[in-house]
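Input: a single structure, listed below in structure tokens.
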Amino acid sequence: MRALVILHPGFEEIEAVTPMDLLSRAGVDIIAASTGSQRTVTGRSGITIEADVLLTKEVSLGVYDAVLLPGGPGIKALRGHPLVCDLLRRQAASGRWVACICAAPLLLYDAGLLKNHSRYTCHPSAEEELPGNAEKALSVIEGNILTSQGAGTAADFAFALIDKLFGLSTAEDIAASICSPSGVAAGSVKS
């Protein structure tokens, strides 16, 4: 399995690194792609991560089992990004997973993907710009779209995706191996 993680300047580090780590433990091949002109990307807290590749048209046309987009204040500058929006639309249309956390559901909206999805969650700061009412759940799944609230829900977000890709027992095994109280089995994800 392969997952593409989109890194943009000002991304929320926990929302990127936690899912990357936990998905790697499940055996997912992680490809981190920078939306900028350099592979090094600095997050909201000043932590710099080196992406594997630049997000080019060729990379965006790849086949991924999941595409993850962390939030953070950098989402404002990423709004409407044509390559990212097109990638999210193609990923969703293919039936493969799209996972957005924090303010990243704003890109789902920009890509037109919330029109047919009435259930989602996001960071409270993004709620005013999104249609309908965001659910007050840590993570929400509707169809093949997973959304989550923010940095504090990053592990829950990752475990929800692992559950969908590999099954609940794999998610629970990984949670137990890192002594996580995350509620994979406790129903913290609304489907």
*Restricted to segment 115-148, and to residues that are assigned to a loop (DSSP other than H, G, I, E, B) and among the hydrophobic types (A, V, I, L, M, F, W, C), which residue is farthest from Ile14 (Cα to Cα)?*
Leu130
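Return the only residue of Ile162, Ile178, Ile174 being of a type in the set (Val, Ile, Thr), under 16 Å from Ala26 (Cβ atoms) and surrounded by fewer than 17 Cβ atoms within 10 Å (Cβ to Cβ). So that I can check it myself, show each step before the final result.
On the way: Ile162 fails: surrounded by fewer than 17 Cβ atoms within 10 Å (Cβ to Cβ); Ile174 fails: surrounded by fewer than 17 Cβ atoms within 10 Å (Cβ to Cβ).
After applying the criteria, what remains is Ile178.
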*Looking only at segment 39-59, decide whether some residue is at pLDDT 95 or above, under 23 Å from Leu161 (Cα atoms), surrounded by 15 or more Cβ atoms within 10 Å (Cβ to Cβ) and of a type in the set (Ser, Thr, Tyr).*
no
_Pairs needed: first member in segment 116-134, closer than 16 Å to Gly72 by Cα; second member anywhere, crowded, with 18+ Cβ neighbours inside 10 Å and β-branched (Val, Ile, Thr); C-beta distance under 7 Å; at least 6 residues apart or different chains._
Thr121/Val140; Thr121/Thr147; Cys122/Thr147
*From (1) closer than 30 Å to Gly167 by Cβ; (2) in contact (Cβ under 8 Å) with a residue 40 or more places away in the chain; (3) surrounded by 17 or more Cβ atoms within 10 Å (Cβ to Cβ), pick out the condition that doesn't hold for Thr35.*
(1)
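Yes/no matrix, rows are residues, columns are (1) assigned to a helix (DSSP H, G or I); (2) at positive phi; (3) out of contact with any helix residue (DSSP H, G or I) (no Cβ under 6 Å at 6 or more places or on another chain):
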position	(1), (2), (3)
Pro9	no, no, yes
Gly27	no, yes, yes
Ile30	no, no, no
Ser37	no, no, yes
Ala77	yes, no, yes
Leu108	yes, no, yes
*Among the residues of segment 10-25, which ones are surrounded by 21 or more Cβ atoms within 10 Å (Cβ to Cβ) and of a type in the set (Gly, Ala, Ser)?*
Ala16
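In the set Val98, Val41, Val67, Val59, which member is β-branched (Val, Ile, Thr) and farther than 24 Å from Ala26 by Cα? Before the answer, list the steps.
Values: Val98 fails: farther than 24 Å from Ala26 by Cα; Val67 fails: farther than 24 Å from Ala26 by Cα; Val59 fails: farther than 24 Å from Ala26 by Cα.
Of Val98, Val41, Val67, Val59, the one residue that is β-branched (Val, Ile, Thr) and farther than 24 Å from Ala26 by Cα is Val41.
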_Leu108 more than 15 Å from Ile75 (Cβ to Cβ) and at pLDDT 95 or above_ = no
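Tally time: how many residues in segment 62-106 are hydrophobic (A, V, I, L, M, F, W, C), surrounded by fewer than 21 Cβ atoms within 10 Å (Cβ to Cβ) and out of contact with any Lys or Arg (no Cβ under 8 Å at 6 or more places or on another chain)?
Step one: of segment 62-106, the residues hydrophobic (A, V, I, L, M, F, W, C) are 63, 66-69, 75, 77-78, 83-85, 87-88, 92-93, 97-104, 106.
With the extra rule that they be surrounded by fewer than 21 Cβ atoms within 10 Å (Cβ to Cβ), the set shrinks to 63, 77, 83, 85, 93.
Remaining after also requiring out of contact with any Lys or Arg (no Cβ under 8 Å at 6 or more places or on another chain): 77, 85, 93.
Total meeting the criteria: 3.
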*Among (1) in contact with a helix residue (DSSP H, G or I) (Cβ under 8 Å, 6 or more places away or on another chain); (2) β-branched (Val, Ile, Thr); (3) under 19 Å from Val5 (Cα atoms), which single condition is Thr170 missing?*
(3)
*Does segment 60-73 include one or more residues that are without any contact (Cβ under 8 Å) to a residue 40 or more places away in the chain, part of a helix (DSSP H, G or I), hydrophobic (A, V, I, L, M, F, W, C) and over 19 Å from Val140 (Cβ atoms)?*
no
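Answer yes or no: is there a residue in segment 132-141 that is charged (D, E, K, R), modelled with pLDDT under 95 and surrounded by fewer than 20 Cβ atoms within 10 Å (Cβ to Cβ). So that I can check it myself, show each step before the final result.
Step one: of segment 132-141, the residues charged (D, E, K, R) are 135-136.
Then drop every residue that is not modelled with pLDDT under 95, which leaves 135-136.
So of that shortlist, the ones also surrounded by fewer than 20 Cβ atoms within 10 Å (Cβ to Cβ) come out as 135-136.
For segment 132-141, residues charged (D, E, K, R), modelled with pLDDT under 95 and surrounded by fewer than 20 Cβ atoms within 10 Å (Cβ to Cβ): present.
The values are calculated or read from the model by the stated rules, or taken from the named source; none is laboratory data. In this text, all values refer to a predicted model and were calculated from it rather than measured experimentally. So basically every Cβ, Gly included, is an ideal-geometry build from the backbone, and we count neighbours across all protein chains shown.
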